[in-house]
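Everything on this sheet refers to the single structure shown next.
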Amino acid sequence: MNIIIPEYYFYLFESVGERCVLPSKTVIFYESDDANDIYLLIKGRVRAYLSSSQGKQITLEVLKKGRIFGDGSFLNHSVRKANMATITDAEFIRCHITDLMPILQKNNDLMILMLQHLTSTCNYLTHTIERLVNYNSTQKVADFLLIETDNGRKSIPYTHEDIAGCLDMNRVTVSRIMKKLKEENAVLYEYGIVSVTDSKTLKHILEHTK
């Protein structure tokens, strides 16, 4: 998903919200917690993930600056559908939805962005399910990279472990596939950043890999 809140809107969130700073590997909220607040990430990276009763974790997405999360609070009496935790030291603005609504009502462009974000969230999760059901391992990685670098964004803040978590795959398998893609000059990666250098190769994999 690539719906980012531009930095020039940050002050509007802060005018009705609270700026918070958390160290890395800190849980922000858990599944089934009451969803009363919405969050705007202004620094660092956070992870959305699900946990099974056996303790297995599946990463849904890694978020960076400008992303909204906790948007389930737009719905009355809702609860969190996923866990959120910091990957790095992170800074964000937390707003109660009832305080934020007057701001949105006065700023049509920001309201549209928020609605686009909600729609994008639904579309992203639907496509994630389709990917898990229909694609083999190499196609899953190729599709993930294409989706995450859509709209002109060529680099994403993902490690191989992050990608494996998002795709419910073994990290060794992801590293093997990424190595092959790098050899084919389709991607570059270092220091937790992955860059797509040839999207045509990735699209070819989706169309032809069996």
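Residue count for segment 95-154, restricted to those that are under 22 Å from Asp198 (Cα atoms) and over 21 Å from the mean Cα position of the chain (by Cα): 1. Looking across segment 129-188 at every residue that is in contact with a Ser or Thr (Cβ under 9 Å, 6 or more places away or on another chain), under 28 Å from Gly55 (Cβ atoms) and of a type in the set (Ser, Thr, Tyr), the one that is modelled with the highest pLDDT is identified as Thr173.
Checking each residue in segment 9-44 for being open to solvent by 40 Å² or more (accessible area, probe 1.4 Å) and within 23 Å of Lys154 (Cα to Cα) picks out only Lys43.
Among the numbered conditions (1) touching a Cys at 6+ places or on another chain (Cβ under 8 Å); (2) in contact (Cβ under 8 Å) with a residue 60 or more places away in the chain, the only one that Tyr39 does not meet is (2).
All conditions in (1) without any contact (Cβ under 8 Å) to a residue 24 or more places away in the chain; (2) among the aliphatic types (A, V, I, L, M); (3) buried (at least 19 other Cβ atoms within 10 Å of the Cβ) hold for Ile156, with the sole exception of (1). For segment 200-210, a residue qualifies if it is of a type outside the set (D, E, K, R), modelled with pLDDT under 90 and in a helix (DSSP H, G or I), and the qualifying residues are Leu206, His208. Take the conditions (1) out of contact with any Lys or Arg (no Cβ under 9 Å at 6 or more places or on another chain); (2) more than 24 Å from Ile147 (Cα to Cα); Ile68 misses just one of them, which is (2).
Filter segment 162-192 for residues that are in a helix (DSSP H, G or I) and either small (Gly, Ala, Ser) or out of contact with any strand residue (DSSP E or B) (no Cβ under 9 Å at 6 or more places or on another chain) (or both) and give the result. Even if it seems obvious, please write down each step before you answer.
In the first step, residues of segment 162-192 are kept if they are in a helix (DSSP H, G or I); the result is 162-167, 171-183.
Within segment 162-192, Ala164, Gly165, Arg171, Val172, Thr173, Val174, Ser175, Arg176, Ile177, Lys179, Lys180, Glu183 meet the criteria.
Among the residues of segment 179-198, those that are touching a Leu at 6+ places or on another chain (Cβ under 9 Å) and open to solvent by less than 40 Å² (accessible area, probe 1.4 Å) comprise Leu181, Ala186, Val187, Val194, Ser195, Val196. In summary, strands (runs of 3 or more DSSP E) completely within segment 54-138 and bearing 1 or more residues that are farther than 25 Å from Tyr8 by Cβ and touching a strand residue (DSSP E or B) at 6+ places or on another chain (Cβ under 9 Å) occur at 57-63, 83-86.
The values are calculated or read from the model by the stated rules, or taken from the named source; none is laboratory data. Here the structure is a predicted model, which is why all the values come from computation and not from measurement. When we count neighbours, we look across all protein chains shown, and the Cβ atoms used for this are built from the backbone with ideal geometry, even at glycine. Heavy atoms of the whole protein, side chains included, go into the accessibility calculation; ligands, DNA and RNA do not. Shrake-Rupley method; radii C 1.70, N 1.55, O 1.52, S 1.80 Å.
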